[in-house]
Amino acid sequence: MGELRISSRVDSVSFTRRELTGALGDSVTVLPIVVAVGALTELSLARMLLGFGAFQIIWGLWYGLPVSVEPMKALAALAIGGTLGAAELAVAGLLAGVALVAIGATGSLDRIARYVGEPVTRGVQLAVALILLRTGVGLGVGDPALALAGVGAAGAVVLAGYRRASALVVLALGLALALRSTGVPALALPSLTLSLPDPAGLTAGAAEATAAQLAMTVGNAAVATALLLSEYYDADVTPDDLATSMGAMNLAAVPLGALPMCHGSGGVAGKHAFGARTAGANVLLGGLYGLAALGTAAVTAFPTTVLGVVLALVALELGRSAFSTDDLATTVAVGALGLVTNVGVAFVVGVGWWVVRDRFSL
């Protein structure tokens, strides 16, 4: 049931202006987080961009659709916040990959989703948003004037009617400031060496983070994405298809230094809203990511204050969607617990509560 299948609706690949703007609609969910991970952890920004570029093209052509390829946000947020080290992040990405391949191959996604519950998934999403917001505020207080300038730029974009692009505009502001101090970086092809993660990364924290990420992946990256692909493109892509492709993607890419990746409904919606109608958007975006990977030296000079504003904007967008829930109390409780403890504990407690609630009709 989880066998990968090319969509029954394979459009010709188009490279129009609408496909290009559609591609940029997906980048607003990717670049702010990837740049933050590159600036605040030891992961290579160039390798991460190459990973996103390669799999934008691979899955776009495989499905024949403008599918999304996004960071696994729970894992990325924990890495940005310093909770997960590089080895733990890689282990978590591989564990998620194995789990997703198994889920897709056995067609068990519906059964798993029943136990997790949408409000619990939204609660984990809220916890991730709160962690990003806390990190962003901590970075932003270093230079209040610069932070205010970033907020002003974001506000102007929102008032102009382009809310989703606000983080990308502030990211461009920070990049301009970085280039002013470093100059235009020389182009360099990043090395790609296969490197299995240190076994020391197999910790309880990595396992808990994987569980929390899977909660978001099941709801947003598989079920919701399949629904949007059907609604927007009349595509026959099942949640189990998407689970299998996400699992295979991480098993192939994480050992090469890529950030754990997934599909996502937000990226699909962004691509569609900005004009993408074919896999051409994926090919174009993949090429742009590949070009960006050749000149990433400026990220070391990226102002951390501006980065804090970017993270806060991403957090607000993520938190905004988290409140689209049928049970606000459960969502807020799981989110708050994830902030004060960790997302893994919040996920386990949330699932336990959901099972009890469902069994006893509380």
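The values are calculated or read from the model by the stated rules, or taken from the named source; none is laboratory data. Computed from a predicted structure; not experimentally measured. All Cβ positions, glycine included, derive from the backbone under ideal geometry; neighbour counts span all protein chains shown. These accessible areas exclude ligands, DNA and RNA; they are computed on the full protein's heavy atoms, side chains included. Shrake-Rupley method; radii C 1.70, N 1.55, O 1.52, S 1.80 Å.
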Breaking point among (1) open to solvent by less than 70 Å² (accessible area, probe 1.4 Å); (2) in a helix (DSSP H, G or I), for VAL151: (1)
Suppose we keep only residues that are part of a helix (DSSP H, G or I), within 19 Å of PRO144 (Cα to Cα) and among the hydrophobic types (A, V, I, L, M, F, W, C) within the range 288-313. Which one would you say is modelled with the lowest pLDDT? ALA301
If you go through the range 265-287 one residue at a time, how many are modelled with pLDDT of 85 or more and part of a loop (DSSP other than H, G, I, E, B)? 4
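Based on this model, can you work out whether VAL158 counts as surrounded by 14 or more Cβ atoms within 10 Å (Cβ to Cβ), part of a helix (DSSP H, G or I) and free of Cβ contacts under 8 Å to residues at least 24 places away in the same chain?
yes
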Quick check on this structure: which one of THR244, THR278 is crowded, with 21+ Cβ neighbours inside 10 Å and more than 21 Å from the chain's Cα centre (by Cα)? THR278
Every pair of residues 6+ apart whose Cβ atoms lie under 6 Å, when the first sits in the range 237-260 and is closer than 17 Å to VAL218 by Cα and touching a residue at least 24 places away in the same chain (Cβ under 8 Å) while the second is acidic (Asp, Glu) and surrounded by fewer than 24 Cβ atoms within 10 Å (Cβ to Cβ): none
Determine whether PRO32 is at pLDDT below 90 and either within 17 Å of ALA235 (Cβ to Cβ) or not basic (Lys, Arg) (or both). yes
Does SER230 meet the test of being among the polar types (S, T, N, Q), modelled with pLDDT of 85 or more and out of contact with any strand residue (DSSP E or B) (no Cβ under 8 Å at 6 or more places or on another chain)? yes
Looking for something under 23 Å from LEU311 (Cβ atoms), of a type in the set (S, T, N, Q) and open to solvent by less than 10 Å² (accessible area, probe 1.4 Å) - is there at least one such residue anywhere in the range 83-92? no
Among (1) within 24 Å of LEU139 (Cβ to Cβ); (2) open to solvent by 40 Å² or more (accessible area, probe 1.4 Å), which single condition is LEU189 missing? (1)
